[in-house]
1. Checking LEU416 against (1) modelled with pLDDT under 70; (2) surrounded by 14 or more Cβ atoms within 10 Å (Cβ to Cβ), which test does it fail?
2. Filter segment 612-651 for residues that are of a type in the set (Gly, Ala, Ser) and at pLDDT 90 or above; which is farthest from LEU674 (Cα to Cα)?
3. Which condition number in (1) open to solvent by 40 Å² or more (accessible area, probe 1.4 Å); (2) touching a residue at least 60 places away in the same chain (Cβ under 8 Å); (3) in contact with a Lys or Arg (Cβ under 7 Å, 6 or more places away or on another chain) is the one that PRO407 fails?
4. Among (1) open to solvent by less than 40 Å² (accessible area, probe 1.4 Å); (2) closer than 14 Å to TYR406 by Cα; (3) not in a helix (DSSP H, G or I), where does VAL427 come up short?
5. Any residue in segment 592-604 that's more than 11 Å from LEU564 (Cα to Cα) and without any contact (Cβ under 8 Å) to a residue 60 or more places away in the chain: show its pairings with residues that are in a helix (DSSP H, G or I) and open to solvent by 20 Å² or more (accessible area, probe 1.4 Å) at Cβ separation under 7 Å, as long as the two are six or more apart or on different chains.
6. Do you know which residues across segment 449-470 are open to solvent by less than 40 Å² (accessible area, probe 1.4 Å) and not in a strand (DSSP E or B)?
7. Do we have GLU480 as part of a loop (DSSP other than H, G, I, E, B) and either farther than 24 Å from ILE409 by Cβ or more than 35 Å from the chain's Cα centre (by Cα) (or both) here?
Amino acid sequence: MTNKPDKFSNLRKRAEELLAAAHPSSMPQSMNELSSLLHELDTHRIELELQNDELLKTQRQLQDTTQDYIDFYNFSPVGYLTLNVAGLILKANMTLTAMLGVKKQAVIHKPFSDFILDLDQDILYLYRQKLLNNKGIQSCELRLRKHNGQPLWVKLDGLFASGHEGHDFSLALTDIHHLKETEELLSQSEANLRAIFDNVLDAIIKVNEQGIIESVNAAAENIFGFSIDELSGSPITRLLPQLDWNEGQLIHPNSDTESQMTGIRRELEGVKKSGSLFPVDLGISEISGQPHCFIITVHDIAERKQTEMALQQADHRKNEFLAMLGHELRNPLAPIRNAVQVLKTQSVANPTLEWCRKIIDRQVSHMALLLDDLLDVARIMQDKIVLKMDCFDFSEIIDSAIETVYPLIESRKQELDVSRPDRPMWVQGDRVRLTQALSNLLNNAAKYTHEGGKIALEMVQEADDLVIKVHDNGSGITPEILPHIFEIFTQADSSLARSQGGLGLGLTLTRRLIEMHGGTVSASSAGDRQGSEFVIRLPLFNAPSLMQAPQPEVAQSLTKLRILLIDDNADVSESLALLLQLEGHEVDTADCGLTGIEKAQAFRPQVVLLDIGLPDISGYEVARRLRELPETRQTLLVAISGYGQAKDLEQSKSAGFDRHLLKPVDPSHLSDLLMTVMKQT
């Protein structure tokens with residue numbers, strides 16, 4: 001291919017020769033040739049212009065590319081610099097100067113080591129040596145010294161390259177300061193967690209999905225007695241044999257179902273190195289990731305269990321003591337009540353004796369109620385009270401409660417105003433317990449209302465609820481006491497005088513009994529000396545619209561009964577025997593169980609009133625033997641005892657007793673029972 005500039009020169013030379021020719025004969029031919037040459041010259045001139053345009057365009061593209069490279073070099077997120085063999089900085093981008101906090105002229109031809117923290121100079125030196133020796137090395141980490149003296153962690157990626165003036169190093173510096181700070185925080189966090197892990201009092205065990213122990217803390221050594229090396233690689237069942245592990249699934253005892261381990265908390269037994277078992281509280285949580293693992297926390301609860309057992313034993317002893325206390329206190333009350341009842345049957349003209357009799361009667365009844373409250377609270381706390389549900393008009397409860405409390409109201413010359421609707425208000429519940437609850441409120445109102453004060457009892461219907469309000473104008477309840485008025489042993493009168501007496505149990509019993517019936521009870525008072533109001537709410541029961549009217553009882557001649565009384569307490573036996581004899585019954589007595597059995601065979605009693613605690617054999621054994629005798633197989637056996645807990649009632653029933661009455665026996669209740677027997681004979 002002919003070089004165009006050379007061809008252009010040749011054409012020019014040929015044109016000059018033609019112009020210099022002096023032969024006219026060749027002029028036409030020369031002019032034609034000259035014209036052709038000129039045309040060709042123009043063509044080549046155009047080609048040259050086009051080539052020049054291409055060269056200019058390429059030059060501009062090269063300039064743009066160079067600028068892009070310069071911009072990328074200067075504004076890259078990574079700092080770049082070039083060092084010579086001596087370690088002087090030949091080139092540096094703006095990112096690097098920004099890292100150092102200086103301008104470019106402050107770093108050019110300066111040793112790079114001047115900008116490295118003193119503690120990391122050796123790292124830079126060794127890295128340069130490896131680059132010089134062409135050893136394959138990827139990167140290193142060191143700290144720059146910024147212009148303000150602060151360190152900056154960077155990662156160096158170096159490349160050794162040969163330049164036209166010697167050997168240069170190209171270095172890329174990546175800012176990893178935040179990463180290093182994060183790593184340091186993580187390291188501190190791990191150290192803190194490790195300190196907690198090693199010093200926490202509970203055992204912490206890390207296991208894999210197969211239930212193999214991977215690590216434990218020091219507490220696990222102390223609790224189980226194994227060393228960390230002994231436990232590493234062992235199955236978790238070595239420490240917790242009741243934990244049936246199946247790759248993160250827990251198989252429940254006595255069940256074929258499985259559930260996820262995560263979030264489980266349960267109590268089971270652990271095994272010490274000595275082989276002894278001890279109770280533990282177990283928690284399991286999952287650590288996500290691959291592979292999955294689990295953290296098991298184990299808390300030794302042996303001491304807590306011992307404390308719970310001790311508390312249960314103390315509670316049992318307390319209940320036994322309360323039962324014994326009730327028995328011992330009821331025994332002396334029984335003959336007193338019997339004697340009072342005997343006095344009632346006698347015509348006494350002396351008003352002083354009548355006054356004494358009434359005082360004794362009221363105080364005996366009060367003491368009996370206190371004993372009932374004391375034992376009922378113990379039963380309620382253990383959820384041992386069973387309600388005998390029935391459907392009835394609540395007016396019956398009002399009448400019974402007033403009858404119970406009226407002697408106290410009358411003795412204090414108080415006015416009781418009762419308001420209730422004419423129509424029946426049906427409820428479903430236990431007559432005895434609802435009477436007890438309302439009696440406690442009335443008794444409370446009478447105790448804390450001055451002599452001559454007023455008490456109002458109102459029964460109304462509100463929507464589907466029966467509302468009973470007990471209002472008084474007595475001493476009221478202070479704001480400090482009001483929120484705690486239904487708590488056990490709380491009393492409005494906490495002074496040393498305690499003129500109103502009581503154990504602080506009545507309102508606690510009332511609230512619990514009403515709640516057992518699905519109702520609520522609340523208290524309100526304007527303050528000290530402002531009176532108080534208690535409100536009971538019970539759900540109304542949709543009783544049948546037509547209730548069969550009670551038929552009047554047909555009077556019938558009732559025969560008297562043969563009654564055998566077996567009790568080793570002479571005062572109880574003699575006073576109750578006298579009371580029964582005054583009612584016309586034939587009574588025989590025995591002071592021990594064996595004598596009672598002998599007398600029963602000869603006397604053939606229709607009713608046996610039998611004490612449980614006898615000097616020779618128990619009342620339960622006497623009842624069992626009487627049930628085996630043909631003479632007493634059908635006799636009504638009534639236990640009369642100071643013990644009235646649920647287990648005592650159940651034991652009486654299993655021994656063959658028909659009824660169980662608590663001392664001191666209410667004469668009216670005993671008379672009603674005997675009346676039932678007489679009707680059946």
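The values are calculated or read from the model by the stated rules, or taken from the named source; none is laboratory data. Keep in mind that what you see is a predicted model, and the values were worked out from it rather than measured. Neighbour counts are summed over all protein chains in view; Cβ atoms, including those assigned to glycine, are modelled from backbone coordinates with ideal geometry. Note: accessible area is taken over every heavy atom of the protein model, side chains too, but ligands, DNA and RNA are not part of it. Shrake-Rupley method; radii C 1.70, N 1.55, O 1.52, S 1.80 Å.
1. (1)
2. Step one: filter segment 612-651 for residues of a type in the set (Gly, Ala, Ser), giving 613, 618-619, 623, 639, 641-642, 644, 646.
If we keep only those that are at pLDDT 90 or above too, we end up with 618-619, 623, 639.
Working: SER618: 24, GLY619: 20, ALA623: 19, ALA639: 14 Å.
In this case the residue turns out to be SER618.
3. Here PRO407 clears every test but (2).
4. (2)
5. GLY593/GLU621
6. Once the filter is applied, which keeps residues that are open to solvent by less than 40 Å² (accessible area, probe 1.4 Å) and not in a strand (DSSP E or B), segment 449-470 yields THR449, GLY453.
7. Details: part of a loop (DSSP other than H, G, I, E, B): yes; either farther than 24 Å from ILE409 by Cβ or more than 35 Å from the chain's Cα centre (by Cα) (or both): yes.
Taking the combined requirement at face value, the residue satisfies it.
Residue-by-condition table, conditions (1) touching a residue at least 40 places away in the same chain (Cβ under 8 Å); (2) buried (at least 17 other Cβ atoms within 10 Å of the Cβ); (3) of a type outside the set (A, V, I, L, M, F, W, C):
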| site | (1), (2), (3) |
| --- | --- |
| ASP114 | no, no, yes |
| LEU119 | no, no, no |
| LEU124 | no, yes, no |
| LEU142 | no, yes, no |
| ASN148 | yes, no, yes |
| TRP153 | no, yes, no |
